[in-house]
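Down below is the structure, laid out as structure tokens.
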Amino acid sequence: MSIFETILLGIGLSMDACAVCISNALVYPVLSGRAKRSMPLCFGFFQGVMPLIGYWAGTFCAQFIRLYAGSVTFFILCFIGGKMILDSFLSKKEEEAHPAPSFTFSLLLLQSVATSLDALAVGIGFCAMEGSLFRSALLIACTTFFCCLLAVSLGSRVGRFLSSKA
């Protein structure tokens with residue numbers, strides 16, 4: 001895989017992390033500078049590490065993945081879809097009764113892992129490709145870092161105007 005292709009892959013993988021960065025900046029308009037710097041670092045780190053983990057898992061667990069990947073994916077998507085349907089029936093009063101959570105490092109870690117699961121799948125795909133795994137992971141991490149840095153900046157600027165509505 002060429003450097004250009006890997007950068008494009010990194011941009012594609014970073015879009016969900018960018019959306020979360022923008023959302024965080026909108027929902028938490030008084031984020032500290034430390035929190036704003038930690039978002040791109042954390043998202044970039046996990047986007048870079050997950051392909052390595054995926055490659056490792058793909059090489060050691062290939063037979064299991066071939067057998068059960070469809071079923072596991074089906075049940076995960078059913079769970080997520082079911083939860084979304086149940087949440088849609090909650091009344092606005094129940095949602096307003098719970099105060100908005102504050103931005104914490106544990107929340108950032110959870111967001112980082114959740115948005116990097118697609119990079120884990122890409123790492124499994126790297127098993128079938130030739131090329132430098134570590135170079136690809138580093139390029140994906142750097143691309144995600146810079147995309148998220150722009151997203152936090154954009155979200156902060158837009159958040160000044162829309163913070164009450166976000």
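The values are calculated or read from the model by the stated rules, or taken from the named source; none is laboratory data. Note that this is a predicted model, so its numbers are computed, not measured. Please note: Cβ atoms are built from the backbone with ideal geometry, for glycine as well, and neighbour counts cover all protein chains shown. Accessible surface areas use protein heavy atoms only, side chains included; no ligands, DNA or RNA. Shrake-Rupley method; radii C 1.70, N 1.55, O 1.52, S 1.80 Å.
Residue order by solvent-accessible surface for Phe126, Phe89 is Phe89, Phe126, largest first, with ligands and nucleic acids left out and a 1.4 Å probe.
Report the residue, chosen from Cys148, Cys127, Cys21, that carries the largest GNM mean-square fluctuation when the chain is represented by alpha-carbon nodes joined by springs under 10 Å. Looking only at Cys148, Cys127, Cys21, the biggest GNM fluctuation is shown by Cys127. Taking 0.36 nm per intervening residue step and subtracting the Cα-Cα distance, what contour gain separates Leu77 from Thr59 on full extension? Using 0.36 nm per residue and subtracting the Cα-Cα distance, I get 4.0 nm. Note that the stretch 3-72 presents 55 Å² accessible area per residue, ligands and nucleic acids not counted, probe 1.4 Å.
Computed from the mean reciprocal separation of all distinct C-alpha pairs, what Kirkwood hydrodynamic radius does the chain have, in Å? Kindly include the intermediate steps, with their values, before the conclusion.
Details: mean 1/r = 0.0574 Å⁻¹.
Hydrodynamic radius (Kirkwood, Cα only) of the chain equals 17.4 Å.
Assuming charge only on the beta carbon of Lys and Arg (+1) and of Asp and Glu (-1), the dipole of the stretch 1-93 about its Cα centre is about 400 debye to the nearest 20. Our helix-only sum for the chain, with -39,500 (n - 2.57) per DSSP H run of n ≥ 4 divided by its residues, gives a mean residue ellipticity at 222 nm of -28500 deg cm²/dmol.
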